[in-house]
Amino acid sequence: MPNGRIILETARFQLTIERLCHQLIESYDDFQNTCIIGIQPRGVILANRIQERLTAILGNQNFEYGKLDITFYRDDFRTRNSPIKANITDMDFIIENKKVILIDDVLYSGRTVQAALTALQHYGRPQKVELLALIDRRFNRHLPIRSDYLGLTIDALDEAYIKVEWEHLDGEDKVLLFANKDEAK
């Protein structure tokens with residue numbers, strides 16, 4: 001088992017999810033004409049948690065929820081040495097004139113979000129798109145993209161790797177910082 005430095009332990013992780021949900025409620029009130037879309041694969045895990053918690057808090061679900069695969073919209077799709085495994089896009093609605101809350105777990109270079117914005121165009125022209133990210137690696141941005149709703153900002157060197165672990169997959173909710181990606185395996 002790798003030993004990364006814990007930067008967000010379970011209790012604070014839960015509080016962060018709760019805070020993000022309440023910020024969304026403050027901004028979107030009853031979520032009319034709003035949809036939540038998780039970016040496959042890791043953003044969907046966070047989006048599932050946000051969607052479940054919002055439904056529990058509000059007592060109902062006044063928003064549409066989708067899962068967006070961006071594999072074929074990535075700017076590095078054809079330049080990778082190994083094939084990328086595509087995920088499923090599960091969106092049975094269009095986003096025309098809707099408010100979209102796009103969710104990903106870690107905002108790093110901004111390229112994933114750029115690909116997601118391109119992929120969203122196939123589902124209509126939204127009224128507004130806002131980004132929710134659990135972790136923002138702000139010094140590593142390649143594109144002018146920022147998160148509207150943010151759990152935690154991490155200032156890490158380029159070689160560093162942030163890993164979000166989830167209770168249902170890893171046994172515990174937490175965020176770890178590793179010196180590099182190989183150390184996280």
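The values are calculated or read from the model by the stated rules, or taken from the named source; none is laboratory data. Quantities reported herein were computed from a predicted structural model and do not represent experimental measurements. Ideal geometry is used to build each Cβ from the backbone, glycine not excepted, and the neighbour counts take in all protein chains shown.
Listed here are the residues, each with its yes/no results for (1) part of a loop (DSSP other than H, G, I, E, B); (2) over 18 Å from the mean Cα position of the chain (by Cα); (3) closer than 18 Å to Ala119 by Cα.
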position: Phe13; (1), (2), (3): no, no, no
position: Leu24; (1), (2), (3): no, no, no
position: Asp30; (1), (2), (3): yes, yes, no
position: Gly38; (1), (2), (3): no, no, yes
position: Gln51; (1), (2), (3): no, no, no
position: Ile57; (1), (2), (3): no, yes, no
position: Gln61; (1), (2), (3): yes, yes, no
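Among the residues of segment 91-113, write down those that are outside any helix (DSSP H, G or I), free of Cβ contacts under 8 Å to residues at least 60 places away in the same chain and surrounded by 14 or more Cβ atoms within 10 Å (Cβ to Cβ).
Met91, Ile94, Leu107, Tyr108, Ser109, Gly110
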Legend entry - Arg53 being touching an Asp or Glu at 6+ places or on another chain (Cβ under 8 Å), under 18 Å from Leu152 (Cβ atoms) and of a type in the set (Lys, Arg): yes
Inset, instruction - Among the residues of segment 61-86, write down those that are of a type in the set (Val, Ile, Thr) and at pLDDT 80 or above. - result: Ile70, Thr71
Inset, instruction - Would you be able to tell me the number of residues in segment 151-166 that are touching a residue at least 40 places away in the same chain (Cβ under 8 Å) and over 16 Å from Gly4 (Cα atoms)? - result: 2
Inset, instruction - Within segment 2-51, work out how many residues are more than 18 Å from Glu165 (Cα to Cα), among the charged types (D, E, K, R) and modelled with pLDDT of 95 or more. - result: 2
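Considering each of Ile145, Ile135 in turn, give the residue that is among the aliphatic types (A, V, I, L, M) and surrounded by fewer than 20 Cβ atoms within 10 Å (Cβ to Cβ). Working first, answer last.
On the way: Ile135 fails: surrounded by fewer than 20 Cβ atoms within 10 Å (Cβ to Cβ).
The conditions single out Ile145.
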